[in-house]
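In what follows, a structure is listed as structure tokens, so that the remarks can point back to it.
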Amino acid sequence: MSVLIYAENADGKFKKSIFEAVSYAKAIADQKRTNLVAISIGDVAADELAALGKYGAEKVLNVSNDKLKNFVNQAYASVIAEAAKAQGADIVVLSNSFSGRGLAPRVAVKLQAGVADGAVALPEQNGGKFTIKKTAFSGKAFAVVELTSANKVIALTPNSYKVVETGGTAQVEDFTVETKESDFKQMLKEIVRSTDKVSLPDAEIVVSAGRGLKGPENWGMVEELADLLGAATACSKPVSDAGWRPHSEHVGQTGIAVSPNLYIAIGISGAIQHLAGISSSKVIVVINKDAEAPFFKVADYGIVGDAFDVLPKLIAAVKEYKASA
Amino acid sequence: MKVLVCISNVPDTTTKITFTDNNTQFNTNGVQFILNPYDEIALARAIELTDGGKGSVTVINVGDASTEATIRKALAIGATDAVRINAKPHDAWYVAYQIAEYVKQNPFDLILTGRESIDYNGSKVAGMLAELLDIPSVSIIKKLDATDSEATVEREIEGGKEVITLPLPFVAGTAEGVAEPKIPNMRGIMSARTKPLTVVEPVEVPTTSEIISYETPAPRGQVTLVPADDTAKLIELLHSEARVI
């Protein structure tokens, strides 16, 4: 029984989160002593597809036709489930991206599979038990879940597994599936992209700010620091509630959970709901004028100081570092 | 328009999460349970869409009798009636299956869930339910407009959004932006007591997953403080010690 990885593309390219998911799926295939097959849906160039071999995919099934050019949740789920059946795959891996979250449950029902969504580690197989660690309570904890079904669907949290380069070039094959009309009820009208910014769930560095910034007009400093670091910008709940920043930037228990390598929090006190969304960040830097702010308790590095004083100095220091690097 | 809103009973967002029985049980001692915040958004939008006699809003929950306070809260906010499927919500598959069985007998024009529950964060019920009913689903939406036959939604994607139209019925998971949560008024609270709450017994369904144990995140070490006038030192530490830049 092989392992199938759905390699989701964004505008014809694979992102780092997909290389992570392919590397992760390869490790599962190795555990099972079987091969890894990838499936791509949409328009992706042949060399981009073949490059998935670098992360361990032996073969890439390429599903490319006009109807499937853009994401259609129902149809994509059907294609992935059909590919799993055709390849005899009993484990399907996806990235727990926005689209992945839409696909995993539908694929699971089609394959009568249990799902581990938001997986953060490789599965363990002991005494016939297949267990896997996933996020729970919005980042406040992890749950170890046993999947008891024969087929399994795993959605991997971005930034939780390292990209591993092992192999060379994957063999690319066209794969065709009979699609049914009823899978195409949704119609894409428009894709709106917020320009060239780094997207928050994918970002390796996040610069986040809170009420300490006093108003939306002061976000220039936050954006400048983020641009210098190649980071995404984020904010606390009061900031998005007040309309200073869009909801898509709200990090926390009722917003987005992130797990970047570096999370820089400026003028955020560190309410338990905010900390839930950032607890799996690898390194946390806190800048706050209140030395008693709860955020310092979970920080790796901190500066006690006013954002309006510290941020310009920090921006200058980053510029100097970049100039000397 | 008949709208169904699937609701979860979850620990309050301020809850400190702890476990008992050798980390195999969630410690509910002293925990306040609330209507899942994302479900509040779904409920608010459902009420707006059906406001002024344009339809009805049914809330459905899979849970034991302890969830009735949360169900009454949803009725107080403005749901027309409620259904409780009398079973512990074993996992997303179990919940989706129970709700699908109910919907097959009692059809709806639109089904909303929160984008995820804040306890198990699966965001799976919407997709599973839609698959079981063979209707479209949209995983995480930021905007929803609907007529009696068609809807326009904005779906969140990494670094942007998709604008999608689709015919009713479908299932969608709502996130911030779809509506502002509503606070129940006194009339709502009074009427919630007498609004219909139907208890339905569950159907048998094989399970596909079990929670074995829980872990809490590893505690972090002591914070290293850097003086406010030495930001260069911070950059140096992030580069050579933490190795993240």
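The values are calculated or read from the model by the stated rules, or taken from the named source; none is laboratory data. Keep in mind the model is a prediction, meaning the values are calculated, not measured. Neighbour counts are summed over all protein chains in view; Cβ atoms, including those assigned to glycine, are modelled from backbone coordinates with ideal geometry.
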Next on the checklist: Can you say whether residue A:206 is within 21 Å of the chain's Cα centre (by Cα) and more than 8 Å from chain B (Cβ to nearest Cβ), as far as the supplied structure shows?
Outcome noted: yes
Checklist entry - Any chance region A:311-324 includes a residue that's under 17 Å from residue A:211 (Cα atoms), more than 10 Å from chain B (Cβ to nearest Cβ) and out of contact with any Phe, Trp or Tyr (no Cβ under 9 Å at 6 or more places or on another chain)? => result no
Item to check | Counted residues, region B:54-67 - those being assigned to a helix (DSSP H, G or I) and either within 14 Å of the chain's Cα centre (by Cα) or closer than 12 Å to residue B:83 by Cβ (or both) | outcome: 1
Next on the checklist: Quick check on residue A:308: is it assigned to a helix (DSSP H, G or I) and either in contact with a Ser or Thr (Cβ under 8 Å, 6 or more places away or on another chain) or at pLDDT below 95 (or both)?
Outcome noted: no
Checklist outcome for this item: Within region A:246-260, the residues that are part of a strand (DSSP E or B) and buried (at least 24 other Cβ atoms within 10 Å of the Cβ) are A:250, A:251
Checklist entry - Given the structure, is residue A:47 among the acidic types (Asp, Glu), more than 20 Å from the chain's Cα centre (by Cα) and outside any helix (DSSP H, G or I)? => result no
Item to check | Some residue of region A:124-133 being within 14 Å of chain B (Cβ to nearest Cβ), in contact with a strand residue (DSSP E or B) (Cβ under 9 Å, 6 or more places away or on another chain), of a type in the set (Asp, Glu) and surrounded by 15 or more Cβ atoms within 10 Å (Cβ to Cβ) | outcome: no
Checklist entry - Does region B:101-117 contain at least one residue that is assigned to a strand (DSSP E or B), of a type in the set (A, V, I, L, M), touching a Lys or Arg at 6+ places or on another chain (Cβ under 8 Å) and more than 17 Å from residue B:211 (Cβ to Cβ)? => result yes
Item to check | Filter result for the condition that a residue is in contact with a Gly (Cβ under 9 Å, 6 or more places away or on another chain), free of Cβ contacts under 8 Å to residues at least 24 places away in the same chain and within 10 Å of chain A (Cβ to nearest Cβ), over B:232, B:242, B:228, B:175 | outcome: B:228
Checklist entry - Yes or no: residue A:56 crowded, with 23+ Cβ neighbours inside 10 Å, in contact (Cβ under 8 Å) with a residue 24 or more places away in the chain and touching a Lys or Arg at 6+ places or on another chain (Cβ under 6 Å)? => result yes
Next on the checklist: I want to confirm something. Restricting to region B:1-21 and keeping residues that are of a type in the set (Ser, Thr, Tyr) and in a loop (DSSP other than H, G, I, E, B), which single residue is surrounded by the fewest Cβ atoms within 10 Å (Cβ to Cβ)?
Outcome noted: B:14
